[in-house]
Amino acid sequence: STSYTIPVKNIQNDAAGVSKPVLLITNYKADREELEAGSVFNLNFDVFNTNTSTAARNIKLEIVLDNNNTFTLTQGNNTFYISKLAPEESVTFTLPLKIKSTATTGGYPITFKLDYEYDGYVPDKENPDKGSSITIQIPVKENLRPVVDNVYVYSWDGPVYMGSPATLHLDFYN
């Protein structure tokens, strides 16, 4: 195979050396060891700029809770603004949440939508790629809710009287 060098003149690249920052959600942790249905907790998390040379700016972080309303905000709102995040810098947030009391044991999603700009970013109306979306799973433990249902007291010999033997039937659910 033969290779040829083709010189190209008068080419300017204004964004040379500029790469898009990747923002990640890191160090996410609840302030409680076990998250039980019906409980209130704080979700702490960091937004981290992984880029080593390019800052992100005009960052809008929107928190999207799952469709089943497993989590609800106890105060504040679900949108945060960060004016600038330098290369390899992080900022910490706390999100106060309540778990729905009827939640069953399992992992439930929380999605972080990040829209941002960066040095060298040129808006493109046809392909406005200026953000990312990250989903994490939060484990929830169901409350123990024993239920007694369908209780029947009866006797095969007829009516039940005080002091006479009887049969007790019930359904017990956990």
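The values are calculated or read from the model by the stated rules, or taken from the named source; none is laboratory data. In this text, all values refer to a predicted model and were calculated from it rather than measured experimentally. In this analysis, Cβ positions are derived from the backbone assuming ideal geometry, glycine residues included, and neighbour counts consider all displayed protein chains. What goes into the accessible areas is simple: the full protein's heavy atoms, side chains included, and nothing from ligands, DNA or RNA. Shrake-Rupley method; radii C 1.70, N 1.55, O 1.52, S 1.80 Å.
Going by what's in this entry, would K20 be described as under 28 Å from E88 (Cβ atoms), more than 13 Å from the chain's Cα centre (by Cα) and part of a loop (DSSP other than H, G, I, E, B)? It is true that K20 is under 28 Å from E88 (Cβ atoms), more than 13 Å from the chain's Cα centre (by Cα) and part of a loop (DSSP other than H, G, I, E, B).
Table: residues versus (1) under 12 Å from I138 (Cβ atoms); (2) out of contact with any strand residue (DSSP E or B) (no Cβ under 8 Å at 6 or more places or on another chain); (3) open to solvent by 30 Å² or more (accessible area, probe 1.4 Å).
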| residue | (1), (2), (3) |
| --- | --- |
| F48 | no, no, yes |
| E62 | no, no, yes |
| T74 | no, no, yes |
| A86 | no, no, yes |
| L95 | yes, no, no |
| K98 | no, no, yes |
| S101 | no, yes, yes |
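Need at least 3 residues that are of a type in the set (S, T, Y) per element, so show me which strands (runs of 3 or more DSSP E) inside segment 26-91 make the cut, counting only ones lying wholly within it.
Strands (runs of 3 or more DSSP E) meeting the threshold: 79-85.
Considering segment 121-141, the residues that are open to solvent by less than 70 Å² (accessible area, probe 1.4 Å) and at pLDDT 85 or above include one that is farthest from K29 (Cα to Cα), namely S132. Every condition in (1) assigned to a loop (DSSP other than H, G, I, E, B); (2) in contact with a Ser or Thr (Cβ under 7 Å, 6 or more places away or on another chain) is met by P109 except one, and the failing one is (1).
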